[in-house]
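This report refers to the structure that appears directly beneath it.
The values are calculated or read from the model by the stated rules, or taken from the named source; none is laboratory data. As the structure is a computational prediction, the values presented were derived from the model and not from experiment. Note: ideal-geometry Cβ built from the backbone for every residue, glycine included; neighbour counts use all protein chains shown. Surface accessibility is based on the protein's heavy atoms, side chains included, excluding ligands, DNA and RNA. Shrake-Rupley method; radii C 1.70, N 1.55, O 1.52, S 1.80 Å.
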Amino acid sequence: MIHVGLSEIKFAECPETLKTLGLGSCVGVVIYHDQKQIAGMAHVMLPDSSLARTTTYPLGKYADTAVPALLKKMTEYYDCPVSQLKAKIAGGAEMFKTTRMAPLGSIGSRNVEAVKNQLCAHHIPVVAEETGADYGRTVEFLTETCNLTIHAIFKGKSII
Amino acid sequence: MHNLNELRTVHLDLLKESGNIGAAHAASSLSVLLNKPIDMRIPSVHVMPIAGLIDADAEKHVAASYIQVDGGLRGFFFMMFTVDQANTLIAELVPGSNVVDDAMGKSAFCEISNILCGSYLSALSAFLGVPLTQSPPIYAVDMAGAILSEGLVELSLYDESALLIDAVLFDRQKGNRLNGEFLFLPFPDSLDVIFSIAEGKYSK
């Protein structure tokens, strides 16, 4: 099991798995090649790097830098043709119920939208997703089956 | 704006002292509310990578209340207890209730955080001589990592690390440490406010 921390990007080949813990408003993005059983996962925290107040940041932190970084390694290092890559995503919840305007709006749904826009721009189909709602998720991607397993405290386990 | 990595021991000591003043007041308020002596200490002020802070107990099942601080300085409070401890905490206020699916329990938990935060801030405000306001608490019960990462989203735009003023609560009668955290996370630009005010105060 390879652990993907906040704002990190990691890759795995069969039979390894990629796991990230406690996704709230963050989005776990997996880009994979099902024949080669190779996958990359990013734990995206924010929608766009233009929001950053710093000059350096991990590429996995923002949707607009994480997806290109995932693709670059999948195509250049692992030699997977872009046209054969697929994506699964999970997360983007809203943990706090509030009527007050948050400074960054609904960050969960913005993250999901930003990740989908990036994937769409690069012509990567999102074959499955488990996003939104108001609960935390721990997700694990199995390179062998290309299944994304999702654990939530109150909802239990699901597989997409 | 301060770079968090440039903070020296003297800065951390100053933050710890301001935290101690706030915590002492907050503990008195909580003692009155729960009708038993509660001590609160600031064991540490540290700069921590946000990723490490969130990953440490990412899947722990907690109840958390989140309060924004505005006015003379900006930041926010987290009060976070494991669900079992949170139930113990509110038991004296609303017997038989819980923080998971009972509105009274959740409300009691939020009210405790509200009072703790209010007394902490009024002491800090007097010490620094700046007006401070707090938002009403918002509440969540779920995985610690999921809750914290959402709360830390705005802070993470400024730095990959966060300054953490971490208070620990003690129940004096039972002599045990309540397994809960009371975190104050100021924004990096607000640290300048604390330091310049404190320096001005002591140079007179």
Handout entry: Only listed residue being facing chain B (nearest Cβ under 10 Å) and surrounded by fewer than 24 Cβ atoms within 10 Å (Cβ to Cβ), chosen from A:6, A:51, A:46, A:21
Key = A:51
Handout entry: Top-ranked residue in region B:127-147 [being open to solvent by less than 10 Å² (accessible area, probe 1.4 Å) and under 16 Å from the mean Cα position of the chain (by Cα); ranked as nearest to residue A:61 (Cα to Cα)]
Key = B:147
Fill in the blank from the handout: Those residues of region A:24-43 that are within 12 Å of chain B (Cβ to nearest Cβ), part of a strand (DSSP E or B) and either out of contact with any Leu (no Cβ under 7 Å at 6 or more places or on another chain) or charged (D, E, K, R) (or both) come to a total of 2
Exercise for the section: Tally the residues that are within 17 Å of the chain's Cα centre (by Cα) and within 27 Å of residue B:101 (Cα to Cα), restricting the search to region B:58-81. Expected result: 13
Handout entry: Identity of the residue in region A:103-112, among the small types (Gly, Ala, Ser) and at pLDDT 75 or above, that ends up least open to solvent (accessible area, probe 1.4 Å)
Key = A:108
Exercise for the section: Collect the residues in region B:17-50 that are within 14 Å of another protein chain (Cβ to nearest Cβ) and surrounded by fewer than 22 Cβ atoms within 10 Å (Cβ to Cβ), keeping them in residue-number order. Expected result: B:48, B:49
Practice task
Determine the pairs where a residue that is at the interface with chain A (Cβ under 7 Å from one of its Cβ atoms), located within region B:145-156, has a partner that is open to solvent by 10 Å² or more (accessible area, probe 1.4 Å) and not hydrophobic (A, V, I, L, M, F, W, C) with Cβ atoms under 7 Å apart, the partner being 6 or more residues away or on another chain.
Solution key: B:145/B:55; B:145/B:59; B:154/A:103
Exercise for the section: Might you let me know whether region A:87-102 holds any residue that is of a type in the set (Lys, Arg) and at pLDDT below 90? Expected result: yes
Practice task
Scan region A:132-149 residue by residue and report those that are within 12 Å of chain B (Cβ to nearest Cβ) and β-branched (Val, Ile, Thr).
Solution key: A:138, A:139
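Run down A:113, A:129, A:94 and say which single residue is away from chain B (no Cβ under 14 Å), under 30 Å from residue B:136 (Cβ atoms) and not hydrophobic (A, V, I, L, M, F, W, C). Step through it out loud before you land on a result.
Numbers: A:129 fails: under 30 Å from residue B:136 (Cβ atoms); A:94 fails: away from chain B (no Cβ under 14 Å).
Testing whether each residue is away from chain B (no Cβ under 14 Å), under 30 Å from residue B:136 (Cβ atoms) and not hydrophobic (A, V, I, L, M, F, W, C) leaves just A:113.
Scan region A:65-100 residue by residue and report those that are buried (at least 19 other Cβ atoms within 10 Å of the Cβ) and assigned to a helix (DSSP H, G or I). Talk me through it step by step, then tell me what you get.
Narrowing region A:65-100 to residues buried (at least 19 other Cβ atoms within 10 Å of the Cβ): A:65-67, A:70-71, A:74, A:80, A:85, A:87-96.
Across region A:65-100, the qualifying residues are A:65, A:66, A:67, A:70, A:71, A:74.
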